[in-house]
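The values are calculated or read from the model by the stated rules, or taken from the named source; none is laboratory data. The shown structure was predicted, so the numbers you read here are calculated from the model rather than taken from an experiment. Cβ coordinates were reconstructed from backbone atoms using ideal geometry, including for glycine residues, and neighbour counts include every protein chain displayed.
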Amino acid sequence: MIKSKYNIFFDYEDRKIAFNAMTCGLAEVDDEFFSVYNSLDSISEDDSRQIVADMKKGGFILGDDSDELKILKYRNNRGKFNDSFFSLVIAPTIQCNFACPYCYETARPGMMSKEVQDKLVELVEQNASQKKNIDITWYGGEPLLAKSIIYDLSERFMEICSRYEVPYTAGIITNGYLFEEEDIEKFNKYRIRYAQITIDGTKEVHNTRRILKKTPEIGTFDKIIETVRMLNRSESRVVIRINVDKTNIENTNRLIEYLASPEVGIDKTKTNISFGHVKANTDNSSKVKSNCMSTKEYSVEVLELQKKLHDCGFCAQAYPHYPGIKANYCGADSICTFVIDHEGYKYKCWNEVGCIEQSVGNILWETTEYTDDMISRDIKYMTHYPWEREECRNCEVLPICMGGCPFDYVENHKLSCERWKYSLIDSLKVICLQRLSVANNA
Ligand code: SF4
Ligand code: SF4
């Protein structure tokens, strides 16, 4: 038998803990474990001891002929080329009512034309007959500037999905400023089941970062908090996104305390909180470069913030997050996912929306009209293979990172390590502590 390349051992108080990144198995281990682990040469695959079976199940040991890199390659290809679902990120407009200093998007005027809408409906119809799920994320710019387009298209998509008896799911990424009471019913009706809304600090900090374009002197904080409260009364889950950099990280603790306080009225069982890492990804956002944290700094801070969420009673999700196996990284390296802008241009990565030179086609065109550049851009994401780089090939968190953001690597030639590289063991120690205190109180 052989050892997994992805075993990570650490001490927690007086216990020895083992984690395996291929299976995400976590176990307290003892002398018997190490006695087997250190004598694998003499242990046969037919060994019927329970300890050997448990070690195999956790992925800590493998049969002699196992090749974990091949398994990872297989997983990655299955993830990338899984065509059982159809997932679109639709920007009915890329205009925005906000002017956030770190925004990376390239704005272009206009709303989605009827022609593009009809083509989207045709695409959903074609896919609904073949796929197991149709998933839509409304995106922008600010998508709620185009509410009537969102609701009209939702009606048409849902009618198609009900005809083909295929599940329909939807979510929205919005700044939350234009959400109104009557939208609660619409979100319920059109199955917009999650809404990601950014709040970048307590009122005085948020209002310097999330700024109305036309009337920057009017703060947006109070209105957005009201939107979260309204959404808590709908069937949508709210994800509050806090984009962190060196300038607001200190303030983020205070924001969490504010959001947790009963007077604010946010339902902690229906509200997730996530932390975005502000990066100067495009030329548009390069002016904030000096404010950005390194991934190592970000990883350390996020763990502390997730502990804070746990302590403040946010329980819609478990904090700190437990690592998960990644097949592929995101929609950019998935064959069935595209971002579509209001003019019908298709992109692989959310960062590229509005930048026509980065598009991989247009839904209004025949595929024969696609340029060589468009085809090669599509291919470069789909053929982003992290194990071709030595650092990733030898990295013990490869199965839970899968090489990091493809855009960073393909476009900027930067290795974009996931935060697990820096905070995995510390996160697992906190999780051990939480699990042991639950066990002790049971
Ligand atoms: S490539 Fe990177 S930036 Fe683009 S969608 Fe994927 S994770 Fe996001
Ligand atoms: S990107 Fe970094 S953390 Fe991810 S697999 Fe490669 S070396 Fe490891």
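Overview of values
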item: Counted residues, segment 212-259 - those being farther than 30 Å from residue 296 by Cβ, in contact (Cβ under 8 Å) with a residue 12 or more places away in the chain and outside any helix (DSSP H, G or I); result: 11
item: Segment 323-368 - residue that is surrounded by 20 or more Cβ atoms within 10 Å (Cβ to Cβ) and at positive phi and, of those, farthest from ligand 1 (Cβ to nearest atom); result: 361
item: Hey, residue 415 under 20 Å from residue 323 (Cα atoms), at pLDDT 95 or above and within 14 Å of ligand 2 (Cβ to nearest atom) or not; result: no
item: Failed criterion for residue 418 (all others in (1) within 16 Å of ligand 1 (Cβ to nearest atom); (2) part of a helix (DSSP H, G or I); (3) within 30 Å of residue 309 (Cα to Cα) hold); result: (2)
item: Residue count, segment 396-415 (criterion: away from ligand 1 (no atom under 16 Å from the Cβ) and assigned to a helix (DSSP H, G or I)); result: 2
item: In segment 369-395, the residues that are in contact with a Cys (Cβ under 8 Å, 6 or more places away or on another chain) and within 14 Å of ligand 1 (Cβ to nearest atom); result: 381, 386
item: Residues of segment 154-179 that turn out to be touching a residue at least 12 places away in the same chain (Cβ under 8 Å) and either assigned to a loop (DSSP other than H, G, I, E, B) or hydrophobic (A, V, I, L, M, F, W, C) (or both), as a count; result: 14
item: Residues satisfying the stated conditions in segment 18-28, i.e. out of contact with any Ser or Thr (no Cβ under 9 Å at 6 or more places or on another chain) and buried (at least 19 other Cβ atoms within 10 Å of the Cβ); result: 18, 19
item: In segment 93-126, residue surrounded by the fewest Cβ atoms within 10 Å (Cβ to Cβ) [restricted to those that are modelled with pLDDT under 95 and among the charged types (D, E, K, R)]; result: 108
item: Scope segment 375-395; condition more than 14 Å from residue 407 (Cα to Cα) and either part of a loop (DSSP other than H, G, I, E, B) or touching a helix residue (DSSP H, G or I) at 6+ places or on another chain (Cβ under 7 Å) (or both); matching residues; result: 387, 389, 392, 393, 394, 395
item: Verdict on residue 35 being assigned to a helix (DSSP H, G or I) and either over 30 Å from residue 117 (Cβ atoms) or not assigned by TED's automatic domain parsing to the domain that holds residue 135 (or both); result: yes
item: Residue match in segment 165-177 (condition: crowded, with 16+ Cβ neighbours inside 10 Å and among the charged types (D, E, K, R)); result: no
item: Number of positions in segment 149-160 that are farther than 13 Å from residue 123 by Cβ and of a type in the set (A, V, I, L, M, F, W, C); result: 3
item: Selection status of residue 44, more than 30 Å from residue 164 (Cβ to Cβ) and either touching a Lys or Arg at 6+ places or on another chain (Cβ under 8 Å) or modelled with pLDDT of 95 or more (or both); result: no
item: Where residue 344 falls short, out of the listed (1) within 15 Å of residue 407 (Cα to Cα); (2) in contact with a Leu (Cβ under 7 Å, 6 or more places away or on another chain); result: (1)
item: Which listed residue, of 288, 278, 264, is touching a residue at least 12 places away in the same chain (Cβ under 8 Å), out of contact with any strand residue (DSSP E or B) (no Cβ under 7 Å at 6 or more places or on another chain) and farther than 24 Å from residue 193 by Cβ; result: 288
item: Residue match in segment 59-82 (condition: out of contact with any helix residue (DSSP H, G or I) (no Cβ under 9 Å at 6 or more places or on another chain), surrounded by 13 or more Cβ atoms within 10 Å (Cβ to Cβ) and closer than 30 Å to residue 343 by Cβ); result: yes
item: Criterion violated by residue 250 - all others in (1) closer than 22 Å to residue 203 by Cβ; (2) within 21 Å of the chain's Cα centre (by Cα); (3) loosely packed, with under 15 Cβ neighbours inside 10 Å satisfied; result: (2)
item: Meets criteria (within 22 Å of residue 139 (Cβ to Cβ), aromatic (Phe, Trp, Tyr) and either out of contact with any Leu (no Cβ under 6 Å at 6 or more places or on another chain) or within 11 Å of ligand 2 (Cβ to nearest atom) (or both)) for residue 387; result: no
item: Of all residues in segment 48-66 being without any contact (Cβ under 8 Å) to a residue 40 or more places away in the chain and assigned to a loop (DSSP other than H, G, I, E, B), the one that is nearest to residue 20 (Cα to Cα); result: 65
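Matching residues to (1) assigned by TED's automatic domain parsing to the domain that holds residue 257; (2) closer than 20 Å to residue 81 by Cβ; (3) more than 16 Å from ligand 2 (Cβ to nearest atom):
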site	(1), (2), (3)
318	no, no, yes
355	no, no, yes
369	no, no, yes
383	no, yes, yes
394	no, no, no
